[in-house]
Amino acid sequence: MVTKLRKRTVVICGGGFTAGLIARQLTAKNVDVVVLERGSNRTRAAESSLPNQRDELRWSVRAGLVQDWSVQTYTMRHSIEEHALPARRLEAFLPGEGMGGGANHWNGQTWRWMEYDPILRTRLEDRYGKSAIPPELTVQDWGVTYAELEPYHDLFEKLFGIAGRAGNLGGKIQPGGNPFEAPRANEYPQPPLQMTEAGLIFKSAAEKLGYKPFPMPAANSPNAYTNPDGMQLGECQYCGHCERFICEANAKASPLVLLYPLLFGRPNFELRLHSHVLGVDYDHDVKRVRGVRYVDLTTGEEYEQPADVVVLASFTMSNTKYLLMSNIGKRYDPKSGDGVVGKNFCLQTMSSVNLFFKDRWINPFLAAGASQTCIDEFNEDNFDHTGLGFFGGGYIYANVTNGRPITSRLVPPGTPKWGAKWKRANADWYAHAFPLSVHGSWYSHRENYLDLDPTYSDAYGQPLVRMTIDFRENELRMSQYVTKKAEEIARASGATIVGPANPRKGPFDTRVYQTTHVTGGTIMGSDPHTSVVSPHLQHWDAENLFVVGASNYPFNSGYNPTGPLGALALRLGDDLNSYVERPRAL
């Protein structure tokens with residue numbers, strides 16, 4: 001028996017980062033909003049307060065803040081010729097669960113993408129010629145420009161109290177900032193975090209080679225901060241418990257701290273926790289959605305929630321699954337290249353070189369999630385790719401975010417895996433080593449995509465999302481090239497020992513963490529034949545259905561997608577206010 005509820009104006013599926021930003025814009029204009037979130041409110045739970053918040057085994061190793069893989073997982077294969085199998089313990093990326101979503105356990109690394117990213121296809125064709133882009137590389141333009149998004153970037157950074165140093169103010173390059181960043185109207189709301197010892201070493205080595213290091217933009221607040229809504233952040237303690245953890249000091253900008261407490265004070269906002277969305281009700285004849293169906297996980301009862309507008313604001317796989325399950329839009333076919341839903345699935349390409357300094361105290365436990373120092377000379381198209389045989393790149397950085405005892409143990413090459421010598425190496429080098437990493441792009445490939453698995457289902461009896469994914473030749477070549485540049489910086493650092501360079505190699509393994517930044521599946525663009533949603537994130541085949549998330553990106557940058565996603569969500573909130581007032585194709 002399905003209970004039909006009273007109709008609401010806007011229903012949002014997923015109670016994370018984008019849902020909070022959209023609801024902020026809508027409820028400010030007195031629009032009625034209900035958010036459906038499958039998880040709980042973690043604000044006063046064990047994971048938010050000491051001493052339990054420091055439990056590395058529970059929250060980091062066992063990933064206690066992420067999706068329960070015993071209830072819902074994904075299947076994976078490397079090519080269409082293989083049979084996909086379920087990932088029983090997935091580590092490659094970490095979908096969030098609970099109010100605030102993945103932004104509860106993020107590191108706080110907050111980038112604006114390159115000015116050319118929204119028009120990347122045009123950029124590459126103009127610079128290298130159409131024939132230079134391999135047919136299997138399916139990158140495309142977004143249909144919106146950076147200039148259109150810049151005011152929303154500015155608002156998002158003020159709401160989240162982002163710390164950093166501008167590198168491009170109104171087109172003028174600023175000393176100490178990122179000279180490659182897109183032009184910005186204003187300086188960051190807060191100054192950058194303190195530079196770590198690893199950052200000082202990296203900065204010196206990079207400058208020796210003629211590069212321009214700069215502090216990473218951070219959502220870890222260096223000071224007490226009050227945002228334009230009157231919501232407050234505490235001061236970062238540099239405790240080394242950002243990624244995979246909720247911040248007990250309320251110093252990491254997140255929806256838990258900055259958005260949902262604000263929204264709970266607005267009478268036209270409702271959040272329903274423990275509400276697992278089963279699907280979207282779609283009328284194929286009139287090309288409109290009627291609402292969504294969900295199950296209350298506390299009672300097992302199923303509900304139908306009618307709505308004037310439905311917004312899918314979940315993790316990449318969930319957004320894609322809702323469309324596939326409801327047959328909204330044409331499914332992507334990798335053989336013919338036709339269809340769009342599930343297309344352009346991407347992750348990111350990570351690599352590293354480990355450095356060891358006998359006489360320098362790195363003290364990795366004194367760090368924040370984004371207290372890194374970077375260079376951008378080899379990110380994306382910031383360098384000439386003529387004759388290199390690949391596109392894309394990554395930023396290189398001193399990657400110190402924590403010194404936690406279980407997982408943060410670097411030992412020199414040749415150290416035994418266990419025993420007395422291993423223990424001695426840990427004691428000798430724990431405080432004297434750090435990784436120099438490459439945070440690399442992943443450009444979309446014709447054979448990397450999402451669909452529904454024909455064999456395996458989840459705890460609700462629905463098909464699992466099937467990932468067909470592998471590192472393709474473009475990413476392997478890119479990683480080899482940029483990791484070599486990282487090795488050159490490592491050797492200029494004066495390290496006692498420089499470990500071997502570790503460029504990314506295939507095959508893709510779900511048990512090895514890359515980043516949580518999976519993109520694609522519901523990509524945006526100006527052509528309904530090559531995109532799922534319009535530049536306004538409105539579905540081409542359902543006027544009152546909007547999809548927002550990292551699933552909108554047609555490729556993945558070297559940066560994480562949070563900054564542009566914040567801008568897109570705020571812009572969508574304004575678009576929805578306009579649509580609710582006068583429904584139409586935007």
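Brief remarks follow.
- Note on region 210-303: with charges restricted to the Cβ of Lys and Arg (+1) and Asp and Glu (-1), its dipole about the Cα centre is near 340 debye.
- Across all Cα pairs in region 467-532, the calculated P(r) in 5 Å bins from zero up to the longest distance comes to 3, 13, 16, 17, 15, 14, 10, 5, 4, 3, 1, 0 percent per bin.
- Nearest-0.05 FRET efficiency for Ala431 and Ile80, computed from C-beta distance (R0 56 Å): 0.70
- Gyration tensor verdict on region 38-110 (Cα atoms; rounded if a/c is under 1.5, prolate if a/b is larger than b/c, oblate otherwise): prolate
- A Cβ-based charge dipole, computed about the Cα centre of region 484-586 with Lys and Arg at +1 and Asp and Glu at -1, lands at about 540 debye.
- CD proxy at 222 nm, helix term only [per DSSP H run n ≥ 4: -39500 (n - 2.57); per residue of the chain; nearest 500]: -6000 deg cm²/dmol
- Region 347-421 and region 293-342 have Cα centres separated by 37 Å.
- Among beta bridges that DSSP assigns inside the chain, antiparallel share in %, nearest 5: 65 percent
- Checking the Cα-Cα distances for Lys212/Lys505; Lys208/Lys484; Lys208/Lys485; Lys287/Lys343 against a 20 Å cut-off, the pairs over it are Lys212/Lys505; Lys287/Lys343.
- Within region 222-285, the chymotrypsin sites (Phe, Trp or Tyr not before Pro) that combine a DSSP coil assignment with at most 12 other C-beta atoms in a 10 angstrom radius are Phe264.
- Cα point-scatterer Debye curve for the chain, base-10 log of I(q)/I(0) at q = 0.06, 0.07, 0.11 Å⁻¹: -0.28, -0.39, -1.01
- Region 304-378 shape via C-alpha gyration tensor axes, a/c threshold 1.5: prolate
- For the chain, a crude dipole built from +1 on the beta carbon of Lys and Arg and -1 on the beta carbon of Asp and Glu, taken about the Cα centre, is about 1260 debye to the nearest 20.
- The share of accessible area on region 376-495 that comes from carbon and sulfur is 50 percent, using a 1.4 angstrom probe.
- Panel values: region 178-225, Kirkwood radius from alpha carbon pairs, Stokes-Einstein at 37 °C and 0.692 mPa s, translational diffusion coefficient 262 µm²/s.
- Cα gyration tensor shape of region 261-312, rounded if a/c is under 1.5, else prolate or oblate by comparing a/b with b/c: oblate
- Listed residue (Gln109, Tyr430, Thr226) projecting farthest to the positive dipole end of the chain, Cβ model: Tyr430
- Simple spin-label estimate for Gln194 and Thr299 in nanometres, 7 Å along Cα-Cβ: 5.2 nm
- Neighbourhood charge, 9 Å Cβ-Cβ cut-off, centred on Leu169 and excluding it, Lys, Arg +1 and Asp, Glu -1: +1
- Straight-distance candidates among the lysines for linking to Lys130, with alpha-carbon spacing under 19 Å and chain neighbours fewer than 8 residues away dropped, are absent.
- Dipole of the chain, positive direction: furthest Cα of Tyr294, Ala132, Ser352, with charges on the beta-carbon: Ser352
- The Cβ shell under 13 Å around Lys417 holds other residues with a net charge of +3, Lys and Arg each +1, Asp and Glu each -1.
The values are calculated or read from the model by the stated rules, or taken from the named source; none is laboratory data. Everything numeric in this text was worked out from a predicted model, so none of it was measured. For neighbour counting, all protein chains shown are included, and Cβ atoms are generated from backbone atoms with ideal geometry for every residue, glycine included. For the accessible areas, the whole protein counts, side chains as well, though only heavy atoms, and no ligand, DNA or RNA atoms are used. Shrake-Rupley method; radii C 1.70, N 1.55, O 1.52, S 1.80 Å.
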